[in-house]
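To start, the structure itself, in structure tokens.
The values are calculated or read from the model by the stated rules, or taken from the named source; none is laboratory data. None of these values were measured; they are calculated from a predicted model. Cβ placement follows ideal geometry from the backbone for every residue including glycine, while neighbour counts extend to all protein chains displayed.
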Amino acid sequence: MLKLVTHRLLHSAILIFGVVSVIFFTNFVLGDPVRVLLPASTPQEAVEAFRAQMGFDRPILVQYLDYISGVLTGDFGLSWWQKADALTIAVRPLTATLELGLVAMLIASVFGITIGIAAAAKPDSWIDRLATSISIVGVSLPLIWFTLMLALVFSVFLGWLPTAGYGTWAHMVLPVVSLAALPLGRTVQITRAAMIDEMAKPYITTARARGLSERRIMFRHALRNALPPIVTEIGWESAVLLTGYTIIVESVFGWPGFGFASYHAILTRDMPVIGAMAFVAAVIVVIINILVDIAYVIINPTIRYE
């Protein structure tokens, strides 16, 4: 297990280095950062003086090496607009997004796996058809439309829940429902397909011949072997939710999360903050991937990584 984690950390360090490098050079590809920070009417002399003050007049390789050395110590520089530490600005809204993302994934995982197992237990039954319908609806719903409809019906028309805000469970209900729909639908599909595939294998026939109950066969044997693709799906959806997919939901419901903060940083081209947020997002993806790999080994100890 330690060897696996060490191996993944080394690969992840290279990945994060690549992400940070791409973000840095994108700053120069998209145009002159000085022109972003100064009004268009600024005299050329003032532009050049400001360029020298910010260090943008140095060779790009020198700027890149300085940037990387700062990243290694957690220093992404100061926000161009907020004049505060970029990494602090990037991490601050993460708590709010974690609240939404983790609750949404918990709901989607529990209900998705349960519905998928129920559908696989009785293929072509009304339960299977209902589960298939739920999964198709969850996958097909446009997020922006679904989010706006929830706000319109439950906040505006019925007045049951607040339209926007942060801090109480009532504020979480609609954003969580919005975010849980897609991963729930996909989890149902993956669970159903994986379970049906396992239930058709010879070892299940052998277990039935030995007189084992259908419940025990389903949960002790089939589910255990079907878990790897399910865990992969849950890990992928978790990474997506926690690294920016929440932007639409956070914007509609006024939730001060990571996605909305990322959008604001990109809109203002605040490159230090964008770099810090890309770094944070890469770290989240890396952590989730390592947890998924560890889960594989726990689920099936025969799995080994070379």
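Just a few scattered comments:
Every residue, every condition in (1) without any contact (Cβ under 8 Å) to a residue 60 or more places away in the chain; (2) exposed (fewer than 14 other Cβ atoms within 10 Å of the Cβ), yes or no:
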{"position": "115", "(1), (2)": "no, no"}
{"position": "133", "(1), (2)": "yes, yes"}
{"position": "137", "(1), (2)": "yes, yes"}
{"position": "141", "(1), (2)": "yes, no"}
{"position": "175", "(1), (2)": "no, no"}
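Each row is one residue, and each column tells you yes or no for (1) part of a helix (DSSP H, G or I); (2) outside the structural domain of residue 152 (by TED's automatic domain parsing); (3) closer than 29 Å to residue 164 by Cα.
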site	(1), (2), (3)
236	yes, no, yes
251	yes, no, yes
269	no, yes, yes
277	yes, yes, yes
287	yes, yes, no
296	yes, yes, no
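- Qualifying residue in segment 210-219 (condition: over 17 Å from residue 103 (Cβ atoms), among the small types (Gly, Ala, Ser) and assigned to a helix (DSSP H, G or I)): no
- Any chance residue 123 is in contact (Cβ under 8 Å) with a residue 12 or more places away in the chain and assigned by TED's automatic domain parsing to the domain that holds residue 244: yes
- Checked against the criterion of being at pLDDT below 85, at negative phi, part of a helix (DSSP H, G or I) and surrounded by 13 or more Cβ atoms within 10 Å (Cβ to Cβ), segment 96-112 contains not a single residue that satisfies it.
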